[in-house]
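Q: This is the structure, below, for whatever I ask next.
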Amino acid sequence: MGNRYAELQRYTGETKIDLAFEVDGEGKSNIDTGVPFMDHMLDLFTKHGHFDLTVKADGDVEVDDHHTTEDIGIVLGMALKEALGDKKGIKRYGNFFVPMDDTLAQVVVDLSNRPHFEIRGADFPSQKVGTFDTELVHEFLWKFALEARMNLHVIIHYGTNTHHMIEAVFKAMARAIDEATTVDPRVKGVPSTKGML
């Protein structure tokens with residue numbers, strides 16, 4: 001297994017994103033997005049997935065956080081896909097539950113090369129966490145799943161604190177992706193009867 005790493009840029013009229021992602025990391029993050037809540041979510045995603053992640057984003061946050069959040073999801077998804085290469089030897093599937101005080105979140109992933117996103121139970125009690133619009137959680141996750149070309153299923157079983165609900169999702173997603181990207185010595189080649197992912 002080589003170094004599962006990707007470094008990407010995405011510059012548009014709305015955002016400039018520089019991102020580096022390593023699958024087999026140490027949980028180290030260097031994140032500055034201009035969106036404080038996303039900084040927090042990406043930091044814990046990195047820590048709980050045992051990834052290494054560097055993100056520098058400069059976006060039109062004077063308008064709102066939408067473009068920056070969306071574009072980070074796009075670039076992170078692209079980086080995950082690129083870093084995994086041909087996906088030989090990986091487990092492919094991941095499933096993880098995370099409790100966080102009042103909430104319980106579950107994330108299930110399939111690194112199938114077929115993008116699909118489902119979310120259930122995301123009826124957040126608050127429309128904002130700090131200055132962050134909670135509807136952007138859907139936007140980030142959908143674009144991440146699309147560009148990573150993975151099945152991403154998110155279930156928030158219950159919760160009363162919006163911050164806890166979202167944080168539990170990001171932690172569960174990190175753990176599920178960590179599981180799915182783990183190399184299993186029993187897997188010979190690509191884990192698909194098609195012979196490719």
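Q: For Ile166, Ile119, Ile155, give me the order by solvent-accessible area with a 1.4 Å probe, most accessible first, ignoring ligands, DNA and RNA.
A: Sorted by accessible area, descending: Ile155, Ile119, Ile166.
Q: Now for a different question. With contacts defined as alpha carbon pairs under 8 Å and 6 or more residues apart, what's the relative contact order of the range 5-181 in percent?
A: 27 percent
Q: Give Lys56/Lys81; Lys47/Lys188; Lys56/Lys88 a once-over and call out the pairs whose C-alpha atoms are over 24 Å from each other.
A: Lys47/Lys188; Lys56/Lys88
Q: Sticking with this structure for a sec: In whole Å, what is the distance between the alpha-carbon centres of the range 29-107 and the range 153-192?
A: The range 29-107 and the range 153-192 have Cα centres spaced 12 Å from each other.
Q: Additional query: For the charge dipole of the chain, defined by +1 on Lys and Arg C-beta atoms and -1 on Asp and Glu C-beta atoms about the Cα centroid, which residue among Thr160, Gly59, Phe21 has the Cα displaced farthest towards the positive pole?
A: Result: Phe21.
Q: Figure the gain on full extension for Asp86 and Asp58 (residue separation times 0.36 nm, minus the Cα-Cα span) and round it to one decimal in nm. Mind showing how you got there, number by number?
A: Values: separation 28, 0.36 × 28 = 10.08 nm, distance 3.15 nm.
Additional length available on full extension: 6.9 nm.
Q: Leaving out ligands and nucleic acids, note down the accessible area per residue over the range 66-197 with a 1.4 angstrom probe, in whole Å².
A: Details: 5870 Å² over 132 residues.
The answer is 44 Å² per residue.
Q: Additional query: Tell me, what is a quarter of the convex hull surface for the C-alpha atoms of the chain, in nm² with one decimal?
A: 10.4 nm²
Q: Let me ask something additional. For a Förster distance of 30 Å, can you work out the FRET efficiency between the beta-carbons of Asp18 and Leu44, rounded to the nearest 0.05?
A: Once rounded, the FRET efficiency stands at 0.90.
Q: Could you tell me how many degrees, from 0 to 90 and to the nearest 10, lie between the Cα long axis of helix 162-181 and the main elongation axis, the longest principal axis, of the Cα atoms of the chain?
A: So the inclination is approximately 10 degrees.
Q: Let me ask something else about it. Return the aspartates and glutamates within reach of Lys194: Cα separation strictly under 16 angstrom, same-chain partners fewer than 8 residues apart disregarded; answer none if there are no such residues.
A: Asp86, Asp110
Q: Largest first, how would Arg175, Arg92 line up by accessible area (1.4 Å probe)?
A: Arg175, Arg92
The values are calculated or read from the model by the stated rules, or taken from the named source; none is laboratory data. Small disclaimer: the values here were computed from a predicted structure and weren't measured. Reconstructed Cβ throughout: ideal geometry from the backbone, glycine too, with neighbour counts over all protein chains shown. The area values use the complete protein model at the heavy-atom level, side chains included, leaving out ligands, DNA and RNA. Shrake-Rupley method; radii C 1.70, N 1.55, O 1.52, S 1.80 Å.
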